[in-house]
Amino acid sequence: MQLRWLALALGLSLPLVFQATSRAETIPSIDQRFDENCTEVPDFQRHLLPMMSKIGCNGRSCHGSFQGRGGFQLSLFGYDFNMDHKGLTERIDTEDPLESYALHKATNIEEHEGGERIVKDSWQYHVFLKWIESGAAGAEKPHKLTRLEVTPSEIVFKKSGQSESVNVVAVWEDGTREDVTPLCRFQSNDTSIAEVDENGKITAASVGDSHVVVFYDNGIYAIPVIQPVSDQVGEKYPQVATPTRVDELVVEKLRKLGVVQSDVCTDEEFLRRVSLDISGTLPTPEQVLAFVKDTNPDKRSAKIDELLETPAYSAWWATRLNDMTGNTVNQLNNVSYDNNKVAQEWFEWVRLRVERNVPYDKIVEGIVLASSQKEDETYEEYSARMSESFLDKSCQTFAEQDSLPYFWARRNFQNDEDRAIGFAYTFLGIRIQCAQCHKHPFDQWTQEDFVQFQPVFNRTRYSQNGTNREEYQKLLASIDVDDTLRGNQLRRELAKELKKGKTVPFPVLVDTAPRRNNRRNAKANEQTARMLGGEPFNLNEFDNPREPLMEWLRTDVQDLFARAFVNRVWSNYFHRGIVEPTDDLSKANPPSNAALLDHLTQGFIASGFDMKWLHREICNSRTYQLSWQPNDTNIHDERNFGRAVPRRIHAEVALDAIAQATSASDKNASYQTQLDGRAIAIPGSAQGRGGNNYALTIFGKSARENNCDCERSTEPTLLQTLYLNNDNELLSSIESRRGWLDELAREWKVAAPSKGNADRPKNYEEVIARYEKYLEKVKKQGDAKKIKEVKNRLQAYREKYGDPDGDSNASQTAEVDAVDYEEAVQTAYLRTLSRLPSESELATGTEAVRSAETPVVGMRDLLWALLNTKEFIVNH
C-alpha cells in the first residue's frame, strides 16, 4: 500500500497503480483518497456513477425517471453507461471544469430543484471535479464486478439501540480490490427490526430478524441481522431433537434467535395436515382411528409414502404445476377445436408424469422443447393422430405423448417480452419485468440482459395452417366444407366434422428456420442472443432455438432452476416459502434460512430432480410435524418455522373437503383413489360463476392470467364466511339425497331434513297413490323396462319431498330413542376435523341431536356448525 501512495504522490495515473497493486491488497475507500490535492483519476463506472446513485441523482424521483428532470435524463440506477456519459458530457466543461453546469447544479450554485446534492470541497465534490479535469472518460470497456465482500457477513445484536457499521469491498475481474463502502447504497428490508443509515451503520430497532441489503454497481449483498427474542441463546438454548438435516438447519437459526420450537403435533393433527398437503384430501374416519391406534414408531413416514402413491397426490400436484405453467382456458384460443379439451389434455399430461414420478427437469424438458409434429411424421399424419386423440375423452392418448406444446400457445405468451418474463417466472421464480425498461432495482439484471434474452423466443410460434401448405389444402379439400369460409367460421365447421370422426387440419407448434443464406456476409447470418447472466452466442447455429434454453436451465442456472421449485414446494407445506414471495428469488429478497434452502436445493439436484424425494425430505422432518400451539418464544415467529402456523386450506381442497365430509360412507372412503368430480382435478382455472367456479374463485383458486404466484390466495374473506354460513351449494351438500345425512335417515328410519319438506304439495299422498297404482299395472304387463322407469320416477318424487323410503307418516313418529347418537357425533367430528370430540364436545353434540326436531335435523345442524369452525377450514 505504501507503493501506491508513493505513486500517487509522484503523480502517476491510477490505472498504472491498479496494475502494480498486489491482488490481495485492498485500495482504501474513496472518501480517504479524494481531496483538493489528490491526483488520482476517478473511474466513471467504479466511482462516479455509484456516487451519483448514492446521492440520488439517478433515482426514480430525479433524473432517473422516464421523463428525466429539467431536460436532463440519466438511466435509472445508473447502468446505461453510454447514455449517462453522453448526458453528463453535454453539461460539463473540460476546458474550464469549475464552470461546468452539472457541477454548479449539484452544488446548488445554479438553482437546483433537488437542492444541494454535493457539498463544495467534500470528497464527492473532488471526485466529480477530478473526473471533469481528467477529460471525463466514459466506460468504453465496462469492468466486470466479480463479487462484493461484506464484513460482518452476519450481525447478531444483544439489545435494541446497538449499532454496527459494515465494510464493503468490491472485487473486480482483474483482481482489483477496493473498499467501496462510501459508494454503496443500503436498504433495510424491515425497519422495525433494524435501521441503516447512508454510511452503512446498522442499528437494532426491535427483536426478530431481517436483512440489510447492500447495492454497488451490479452487485447486491444481503446481510442477516438478528436480535434474539429471548435469553435462550447459545449455551442457554434447551436441548431440541433434530432427527433430520432439515431440523438441524432450522434449529441452527432458531438458536441464534432464542426461539424454541413447539412440541410435535398429535397423530390426528399430523394425519390431517399431511393428507391435505400431499393429496389435497381429508383422511377418512376409519383412517384416523386406525392411525391413532397404530403403535409402529415409523407410522408417520409410512403414511407419507402411502399418500405419495395415491391418485389424489398426482392430481393435486398436477394442479400446482398447472398453476406455474399457466393452464387456463381463457388463453388457449385457436390451439385446437375445443379449449376445454386442450386444458384437460394439458392437465392429464402433467398428472401422468407426476403419477409416474418423472424427474422435474424431464417434465420441464417436455414443455420447453415441446413439438407438435414428430420428426418422421408428415403434416397429414400429424393431423390424423390429433384428430383421433381429440375423440379420446380420457385424454390418455395425448398424455402419453412425449411433449406438451400448449405452453407456447397461450395468448398471453406470444410476444418476445411476455415470453422472457413468463419463462423466468415459471422456471426460475424471478421477476425480470423491471429490466424491460431499466436496471432491476433489486436484482442483477439490466435492460441489456433483458433485450439480449428476448431473441431466444422469437422463432417459436403456433401455425394455424400447419407445416405443409399443400397437405393443409389437401386435408381441407377432403372435407365437405364451404371453401369460402375463413377464420372462426371455418374452425366451427371443421369442429363439426371432427366430431363426426373425420381427419381435419390441426394447428402446430413450429420453429422458424434460422437465416443462413447470406454467403457474402457471414455476420448477416448471425442472430446474437444471451441467456440471463451468460455470454453472447449465435442463436442461428441452432435449428431449435429452445435447445440452448433447456441446456442453460440444466447448467448455468441449475441451482436457481431447482431452488425455485424447492421453494414453491416448501411453501405448500408451510405458511410461506423460505423465500417469500415465492416467485421473487431476487438477490435483495434473500431466504430466511439460506443454509436450509441450499440443502434442499442441492439434495433435489443430487436426487435427479426426484419430486418424491423432496416431499419426503420435508414431511419427514420434525419441523414439518410441529404443533401449531405456540410458546412464549415462538408466538410471533412467522419467518423461521419454530411452529406450525395455521393456514386456510386451498380453494380446491376446501370444496373437496366439504363434499367429502357430507358424502355417503362409500363415497367418503373413495376420495383418495377416485378423481371423478374432484375439484383438485379440475384442469383449467375455473373462474366465474358457472358450476362450482364461484366457490373456487372466492376461495382463491389461481386465475393463471399473470406471472405471479399471488394469483392463488389463501387469505380469508367475508365472502368465504358467507359461503360457509348459508350458500345454497353448501346447504345442498349437507342435505344431499346421496349424502351421509340421508344415510343416517335410512338407518334411523326417520325423514332426512330437506327444504322441500315444507313445500310438499297438498295432493302429495294422492300423487304417490297414482304412481303406485300405475306401477302395479305395469308389473302385471311384465314390461321390465317400464317397471324400472316408473319405480325411478316414484323414487325421485319421494326424494324431492323428503320421503326417500316411502314412509312419510311413520318416519316422522318412529321410535329412535335406542339409537346411539354418540357414535354419529363422533363420526361427524372425524369427517370434518379428523379427530374425536372431547368429552364436553361429545356431551353437547349428543344433547343437541336428542333435543332437535328429529335426530337427523340435529345432525344436520351439528354438521353445519363443524363446517363453519376455523378448525375445519384451516390446516393446522
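The values are calculated or read from the model by the stated rules, or taken from the named source; none is laboratory data. Worth saying up front: this structure is predicted, and the values here are computed from it rather than measured. So basically every Cβ, Gly included, is an ideal-geometry build from the backbone, and we count neighbours across all protein chains shown. Protein only, heavy atoms only, side chains kept; ligands, DNA and RNA dropped before computing areas. Shrake-Rupley method; radii C 1.70, N 1.55, O 1.52, S 1.80 Å.
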- prompt: Which of these values of mean projected area of the Cα convex hull in nm² was calculated from the structure shown: [x] 88.5; [y] 38.6; [z] 50.9?
  reply: [z]
message: Please give me the summed charge of the neighbours of residue 630: other residues whose Cβ is under 12 Å from its Cβ, Lys and Arg +1, Asp and Glu -1.
response: -3
task: Place +1 on the Cβ of every Lys and Arg and -1 on the Cβ of every Asp and Glu in the chain, take the dipole about the Cα centre, and give the residue among 673, 569, 627 whose Cα lies farthest towards its positive end.
output: 673
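Using a simple charge model, +1 on the beta-carbon of Lys and Arg, -1 on the beta-carbon of Asp and Glu, nothing else, what dipole does the chain show about its Cα centre, in debye to the nearest 20? Write down the numbers at each step before the final one.
Working: 106 positive and 132 negative charges, 481 e Å.
That gives a dipole near 2320 debye.
Using only alpha carbon pairs under 8 Å that are at least six residues apart, calculate the relative contact order of the chain and give it in whole percent.
11 percent
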query: For the range 353-403, with only Lys/Arg (+1) and Asp/Glu (-1) charged at the beta-carbon, what is the dipole magnitude about the Cα centre, in debye rounded to 20?
result: 300 debye
Cα long-axis angle, helix 839-851 against the chain (0 to 90 degrees, to the nearest 10): 40 degrees
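Using the heavy atoms of the protein chains alone and a 1.4 angstrom probe, what is the accessible area of the chain per residue in square angstrom? Walk me through the numbers before you get to the answer.
Numbers: 39530 Å² over 876 residues.
Accessible area per residue, the chain: 45 Å².
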statement: So the angle from the long Cα axis of helix 339-355 to the longest Cα principal axis of the chain, reported in degrees to the nearest 10, equals 80 degrees
task: Using Cα pairs closer than 8 Å and at least 6 residues apart in sequence, work out the relative contact order for the range 44-133, in percent.
output: 21 percent
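Between residue 263 and residue 606, what FRET efficiency comes out of the Förster formula 1/(1 + (r/R0)^6) with R0 = 25 Å and r the beta carbon distance, rounded to 0.05?
Working: r = 32 Å, r/R0 = 1.28.
With a Förster radius of 25 Å, E is 0.20.
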query: Using 19 Å as the cut-off for backbone N distance, which residues of the range 444-458 belong to the label zone defined by a point 7 Å from the Cα of residue 541 along Cα→Cβ?
result: 452-458
task: Can you tell me the 0 to 90 degree angle between the C-alpha axis of helix 651-662 and the longest principal axis of the chain, rounded to 10?
output: 20 degrees
- prompt: Farthest toward the dipole's positive end in the range 44-133, which of 100, 127, 61, given Cβ charges of +1 (Lys, Arg) and -1 (Asp, Glu) about the Cα centre?
  reply: 61
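What ranking do 717-730, 413-426 get when scored by the average of other Cβ atoms within 10 Å per residue, highest first?
Numbers: 717-730: 14.2, 413-426: 19.8.
Going by the mean number of other Cβ atoms within 10 Å, highest first, we get 413-426, 717-730.
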statement: In the structure shown, of 158/236; 341/393; 253/587, the pairs separated by more than 18 angstrom at the C-alpha atoms are 253/587
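How many percent of the accessible area of the range 44-133 is carbon or sulfur, using a 1.4 Å probe?
Values: 1910 of 4250 Å².
Its accessible area is 45 percent carbon and sulfur atoms.
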field: Cα gyration tensor category, rounded, prolate or oblate, for the range 323-383 with a/c compared to 1.5
entry: oblate
Spacing of the two label points (7 Å from each Cα toward its C-beta) at residue 393 and residue 665, in nm: 3.1 nm
task: Report the residues of the range 712-732 in range of a label on residue 638: point 7 Å along Cα→C-beta, backbone N strictly under 19 Å from it.
output: 712-718
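Got a number for carbon plus sulfur as a percent of the range 447-520's accessible area, 1.4 Å probe? Write down the numbers at each step before the final one.
Details: 1930 of 4630 Å².
C and S fraction of accessible area: 42 percent.
Once you order the gyration tensor axes a ≥ b ≥ c over the Cα atoms, which shape class does the range 44-133 get: rounded for a/c under 1.5, otherwise prolate or oblate by comparing a/b with b/c? Provide the component values of the computation, followed by the final result.
Values: a/c = 1.41, a/b = 1.25, b/c = 1.13.
Rounded, since a/c falls under 1.5.
Counting pairs of alpha carbon atoms under 8 Å apart in space and at least six apart in sequence, what relative contact order in percent does the range 232-390 give? Don't skip to the answer; put the middle values down first.
Values: 98 pairs, mean separation 22.7, N = 159.
Reported relative contact order: 14 percent.
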query: What number, in nm² with one decimal, is the all-direction average of the projected area of the convex hull of the alpha-carbon atoms of the range 282-387?
result: 9.6 nm²
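Report the full-extension gain for the segment residue 783 to residue 493: residue separation times 0.36 nm, less the Cα-Cα distance, to one decimal in nm. Please report the intermediate quantities before stating the final value.
Details: separation 290, 0.36 × 290 = 104.40 nm, distance 4.33 nm.
Using 0.36 nm per residue and subtracting the Cα-Cα distance, I get 100.1 nm.
About the Cα centre of the range 646-727, how large is the charge dipole given +1 on each Lys and Arg Cβ and -1 on each Asp and Glu Cβ? Please answer in debye to the nearest 20.
Values: 8 positive and 9 negative charges, 10 e Å.
Using only the charged Cβ atoms, the result is roughly 40 debye.
Between residue 93 and residue 631, what's the calculated FRET efficiency when r is the beta-carbon distance and R0 is 60 Å? Round to 0.05. Mind showing how you got there, number by number?
On the way: r = 68 Å, r/R0 = 1.13.
Computed FRET efficiency for residue 93 and residue 631: 0.30.
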Residue 27 long-range amide H proximity, modeled H, under 5 Å: 177, 178, 179
